[in-house]
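Peer 1: Starting off with a structure, shown below.
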Amino acid sequence: MASEQRKVAMTGNEAVANALRQIDPDVVAAYPITPQTDIVQYFSQFVSDGQVKTEFVTVESEHSAMSATVGASAAGARAMTATSSQGLALMWEMLHIASSYRLPIVMPVVNRALSGPINIHCDHSDTMGSLTTGWIQIYSESAQEAYDNVIQAVRIAEHPDVLLPVMVCQDGFITSHGIENLEILADEDVKQFVGEYKPSNYLLNIKEPVTFGPLALQDYYTEFKVQQAEAMANAKKVILEVAEEYAKLSGRKYGLFEGYRLDDAERVIVVLSSTAGTTKAVVDELRSKGQKVGLLKPRVIRPFPAEELVDALSGAKAVAVMDRAETFSTQGGQIFTELRAAFYYAKERPLMRNYIFGLGGRDTTTREIHKVFSDLENDLERGHVEKLVTHLDVRE
């Protein structure tokens, strides 16, 4: 039976740092970068105070942070790090190494715009840019979700049918530095939930030696990639199984996505992370006026839950997908293009339009969400989408 949870007021970064403290990984290799710095700063204090047994490795760059984490994980340690923006970009080479070596690394990522121009505020260009690196990606609306997702990510990554690294994302400054009320589990309950890490293949296992980082040319490279793809497909089921078990422990239920007042919704907004909270407020307001509107908030982007999202949106007449990153494809943001493609074989397809919004931390308020719902209403009246891709709230 789970112990009583403790109600606290914490920032998103502090919540994640406390999740790391409760997990007590063997190794954390870290380098500071705004707005992630607080996570490793808080955690370094836990190390200094003897609250964890973690070997804390300070390195000279984010590339080195991921390199050290890869080395520790390959050696058989439960290893973690954290980063943002340019730090994630600097890790790029090593992200592919981590996933191809099938290393269950968990990395909190605090979303921040990529340069240039230099910007330290939130958008999703960093993690959307890394969708092809073979990492599972989970997004968080609040500090509570960031805390819960980090704990679940350990079990997901280490599952024998998965063995892939996981990014747990939250919005820079909006949730990373905003203080919220949340509940945290008892230390012993988290320890029991994540369990002891027992790797099956690792470099320091001298009885059954293995090789990491082999040269794989035309003869075997494809097979490596197929195994990664199969593991990513397996992750969908594992994510749901872990969520079910976590719900029994915490009382908080998670899935591949969250539907908010979605059952009979005719106009729906699809949006990640903190903006979902703003959208919920507008949904409630419009519902009070008799309008059938709703929200779909994806939680998992890799693996992309195409069938589940199509099913959830099957009753909608018009859908607006809001992407907080520009892909420069001219065909819309990443979530929009993948979701639109998912509807290719559907018998019923809603009108769909895309909004690129919130770049570089530009505020997205209830005013902008009202405009999106209004645009969807106009689309329904004319029977087609007037403009496929709109950059929301652009200064003229």
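Peer 1: Pick from region 313-338 the residues that are aliphatic (A, V, I, L, M) and not in a loop (DSSP other than H, G, I, E, B): which of them is farthest from Ser115 (Cα to Cα)?
Peer 2: Filtering region 313-338 for residues aliphatic (A, V, I, L, M) gives 313, 316, 318-322, 325, 335.
With the extra rule that they be not in a loop (DSSP other than H, G, I, E, B), the set shrinks to 318-322, 335.
Numbers: Ala318: 34, Val319: 31, Ala320: 27, Val321: 24, Met322: 21, Ile335: 21 Å.
Only one residue tops the list, namely Ala318.
Peer 1: Separate question: Residues Ala341, Ala346: which one is in the same structural domain as Phe304 (by TED's automatic domain parsing), closer than 25 Å to Phe304 by Cα and in a loop (DSSP other than H, G, I, E, B)? Break it down stepwise before answering.
Peer 2: Values: Ala341 fails: in a loop (DSSP other than H, G, I, E, B).
Selected residue: Ala346, the only one of Ala341, Ala346 that is in the same structural domain as Phe304 (by TED's automatic domain parsing), closer than 25 Å to Phe304 by Cα and in a loop (DSSP other than H, G, I, E, B).
Peer 1: Could you run through region 154-170 and say how many residues are among the charged types (D, E, K, R), outside any loop (DSSP other than H, G, I, E, B) and out of contact with any Pro (no Cβ under 7 Å at 6 or more places or on another chain)?
Peer 2: Qualifying residue count for the region: 1.
Peer 1: Let me ask something additional. If Leu204 passes every condition in (1) surrounded by fewer than 17 Cβ atoms within 10 Å (Cβ to Cβ); (2) modelled with pLDDT of 95 or more; (3) assigned to a loop (DSSP other than H, G, I, E, B); (4) of a type outside the set (S, T, N, Q) but one, which one does it miss?
Peer 2: (2)
Peer 1: I'm checking my understanding of the structure. Among residues of region 360-393 that are assigned to a helix (DSSP H, G or I) and in contact with a helix residue (DSSP H, G or I) (Cβ under 8 Å, 6 or more places away or on another chain), which one is surrounded by the most Cβ atoms within 10 Å (Cβ to Cβ)? First the steps, then the outcome.
Peer 2: Our first condition is that a residue be assigned to a helix (DSSP H, G or I); within region 360-393, this holds for 360-361, 366-382.
Narrowing the set further to residues that are in contact with a helix residue (DSSP H, G or I) (Cβ under 8 Å, 6 or more places away or on another chain) leaves 366, 369-370, 373.
Details: Thr366: 12, Ile369: 28, His370: 13, Phe373: 20.
If we take residues in region 360-393 being assigned to a helix (DSSP H, G or I) and in contact with a helix residue (DSSP H, G or I) (Cβ under 8 Å, 6 or more places away or on another chain), then Ile369 is surrounded by the most Cβ atoms within 10 Å (Cβ to Cβ).
Peer 1: Moving on. Looking at Tyr220, Tyr139, Tyr202, can you tell me which residue is within 23 Å of the chain's Cα centre (by Cα), among the hydroxyl-bearing types (Ser, Thr, Tyr) and not assigned by TED's automatic domain parsing to the domain that holds Glu326?
Peer 2: Numbers: Tyr220 fails: within 23 Å of the chain's Cα centre (by Cα); Tyr202 fails: within 23 Å of the chain's Cα centre (by Cα).
It is Tyr139.
Peer 1: So, one more: State all residues of region 89-127 that are surrounded by fewer than 22 Cβ atoms within 10 Å (Cβ to Cβ), touching a residue at least 12 places away in the same chain (Cβ under 8 Å) and under 18 Å from Gln36 (Cα atoms); if no residue qualifies, say none.
Peer 2: Ala89, Leu90, Trp92, Leu114, Ser115, Asn119, Ile120, His121
Peer 1: Hey, another quick one. State the number of residues belonging to region 148-207 that are among the aliphatic types (A, V, I, L, M) and either touching an Asp or Glu at 6+ places or on another chain (Cβ under 6 Å) or more than 21 Å from Met128 (Cβ to Cβ) (or both).
Peer 2: As a first pass, look at region 148-207 and keep what is among the aliphatic types (A, V, I, L, M): 150-151, 153-154, 156-157, 162-164, 166-168, 174, 179, 182, 184-186, 190, 194, 203-204, 206.
Then keep just the ones that are either touching an Asp or Glu at 6+ places or on another chain (Cβ under 6 Å) or more than 21 Å from Met128 (Cβ to Cβ) (or both); that gives 151, 154, 162-163, 179, 182, 184-186, 190, 194, 203-204, 206.
The number of residues fulfilling the criteria is 14.
Peer 1: Within region 318-359, restricting attention to residues that are more than 21 Å from Gln86 (Cβ to Cβ) and polar (S, T, N, Q), which residue is surrounded by the fewest Cβ atoms within 10 Å (Cβ to Cβ)?
Peer 2: This residue is Thr330.
Peer 1: If Gly251 satisfies every condition in (1) in contact with a helix residue (DSSP H, G or I) (Cβ under 8 Å, 6 or more places away or on another chain); (2) over 24 Å from Met94 (Cβ atoms); (3) exposed (fewer than 15 other Cβ atoms within 10 Å of the Cβ); (4) among the small types (Gly, Ala, Ser) but one, which is the exception?
Peer 2: Unmet condition: (1).
Peer 1: Would region 176-194 turn up any residue that is in the same structural domain as Ala17 (by TED's automatic domain parsing) and either without any contact (Cβ under 8 Å) to a residue 60 or more places away in the chain or under 17 Å from Val300 (Cα atoms) (or both)?
Peer 2: Looking only at region 176-194, we keep the residues that are in the same structural domain as Ala17 (by TED's automatic domain parsing), and these are 176-194.
When the remaining residues are screened for being either without any contact (Cβ under 8 Å) to a residue 60 or more places away in the chain or under 17 Å from Val300 (Cα atoms) (or both), the result is 192-193.
Yes - at least one qualifying residue is present in region 176-194.
Peer 1: Going through region 267-298 one residue at a time, which ones are within 21 Å of Gly12 (Cα to Cα), touching a strand residue (DSSP E or B) at 6+ places or on another chain (Cβ under 6 Å) and not in a strand (DSSP E or B)?
Peer 2: Leu272, Ser273, Ser274, Ala276, Thr279, Lys280 - these are the residues of region 267-298 that are within 21 Å of Gly12 (Cα to Cα), touching a strand residue (DSSP E or B) at 6+ places or on another chain (Cβ under 6 Å) and not in a strand (DSSP E or B).
Peer 1: Among the residues in region 54-61, are any assigned by TED's automatic domain parsing to the domain that holds Val154, modelled with pLDDT of 95 or more and out of contact with any helix residue (DSSP H, G or I) (no Cβ under 9 Å at 6 or more places or on another chain)? Quick ask: steps written out before the conclusion?
Peer 2: Going through region 54-61, the residues assigned by TED's automatic domain parsing to the domain that holds Val154 turn out to be 54-61.
Cutting the leftovers down to modelled with pLDDT of 95 or more gives us 54-61.
Adding the requirement that they be out of contact with any helix residue (DSSP H, G or I) (no Cβ under 9 Å at 6 or more places or on another chain) leaves 60.
Yes, region 54-61 contains a residue that is assigned by TED's automatic domain parsing to the domain that holds Val154, modelled with pLDDT of 95 or more and out of contact with any helix residue (DSSP H, G or I) (no Cβ under 9 Å at 6 or more places or on another chain).
Peer 1: Another question, then. Go through region 1-59 residue by residue and tally those that are acidic (Asp, Glu), more than 16 Å from Asn181 (Cα to Cα) and buried (at least 16 other Cβ atoms within 10 Å of the Cβ).
Peer 2: 3
Peer 1: Quick check: is even one residue across region 146-160 at pLDDT 95 or above, under 22 Å from Lys53 (Cβ atoms) and either acidic (Asp, Glu) or not assigned by TED's automatic domain parsing to the domain that holds Arg102 (or both)?
Peer 2: Scanning region 146-160 turns up at least one residue that is at pLDDT 95 or above, under 22 Å from Lys53 (Cβ atoms) and either acidic (Asp, Glu) or not assigned by TED's automatic domain parsing to the domain that holds Arg102 (or both).
Peer 1: Taking region 11-48 only, how many residues are in a helix (DSSP H, G or I), among the hydroxyl-bearing types (Ser, Thr, Tyr) and either under 18 Å from His63 (Cα atoms) or not assigned by TED's automatic domain parsing to the domain that holds Ala68 (or both)?
Peer 2: Step one: of region 11-48, the residues in a helix (DSSP H, G or I) are 12-23, 37-48.
Cutting the leftovers down to among the hydroxyl-bearing types (Ser, Thr, Tyr) gives us 37, 42, 44, 48.
Subsequent filtering for residues that are either under 18 Å from His63 (Cα atoms) or not assigned by TED's automatic domain parsing to the domain that holds Ala68 (or both) retains 37.
Qualifying residue count for the region: 1.
The values are calculated or read from the model by the stated rules, or taken from the named source; none is laboratory data. Since we're looking at a predicted model, the values are computed, not measured. All Cβ positions, glycine included, derive from the backbone under ideal geometry; neighbour counts span all protein chains shown.
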